[in-house]
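Engineer: Before we start, here is the structure in question, set down as structure tokens.
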Amino acid sequence: MTGGKAPARPLSPHMQIYRWPLPMAMSILHRITGGGLYVGTLLMAWWLIATASGPNAYANFGNFINSWFGRLILFGYTWALTHHMLGGIRHLIWDTGRGFSQSEREWLSLATAVGSIGLTILLWVVAYLSIGDAQ
């Protein structure tokens, strides 16, 4: 086209313009936490192998998992596990044919996000209180 204005074309939405609906963000996060559970499963396998391999291997695992980095990974694994579980419950509700209105989808997504954080913190507080009683 010469000498004229370019035709008006629709702009493709991108991150600065498009607002992600909460159910979409939770769906993506559900997939990400599913992938994170693979890493946590490797951690659990390491623990089981170390347990079966003797005191030195178990001590090496214990040194790692009791470090700040190991605890951070374990905390993340706990959160991924609870978030993925609650996301699965949300999908189970949807499988029954319920929870599809706009407000219900938003509420279930928010409940998944808040519930996974709250449940993770609750699990860690209970675990620390239980360990404190044993020492």
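Engineer: In whole Hz, what ³J(HN,Hα) sequence does region 44-50 give by Karplus (6.51, -1.76, 1.60; θ = phi - 60°), x for Gly and Pro?
Structural biologist: Result, ordered by residue: 5, 5, 4, 4, 5, 5, 5 Hz.
Engineer: Turning to a different aspect of this structure: Could you check the spin-label model distance between Ala25 and Ser67? Points 7 Å from the Cα along Cα→Cβ, value in nm.
Structural biologist: About 3.3 nm, to one decimal.
Engineer: At 222 nm, what helix-only mean residue ellipticity would the chain give, in deg cm²/dmol to the nearest 500, using -39500 (n - 2.57) for each DSSP H run of four or more?
Structural biologist: Working: 4 runs with 104 residues, N = 135.
The helix-only estimate for the chain comes to -27500 deg cm²/dmol at 222 nm.
Engineer: Here is a follow-up. Based on the mean of other Cβ atoms within 10 Å per residue, sort peptides 32-41, 120-129 so the most packed one is first. Mind dumping the intermediate values first?
Structural biologist: On the way: 32-41: 14.7, 120-129: 12.5.
Going from most to least packed, we get 32-41, 120-129.
Engineer: Right, next: Which FRET efficiency, nearest 0.05, do Trp47 and Thr96 yield, Cβ-Cβ r, R0 35 Å?
Structural biologist: Details: r = 37 Å, r/R0 = 1.04.
Result of the calculation: an efficiency of 0.45.
Engineer: Report the percentage of all Cα-Cα pairs in region 22-134 whose separation exceeds 16 Å, rounded to a whole percent.
Structural biologist: Numbers: 4208 of 6328 pairs.
Cα-Cα pairs of region 22-134 separated by over 16 Å account for 66 percent.
Values in this text are rule-based calculations from the coordinates and carry no lab data. Nothing here was measured: the structure is a model prediction, and the numbers come from that model. A quick note on method: Cβ atoms are made from the backbone with ideal geometry, for glycine too, and the neighbour counts reach across all protein chains shown.
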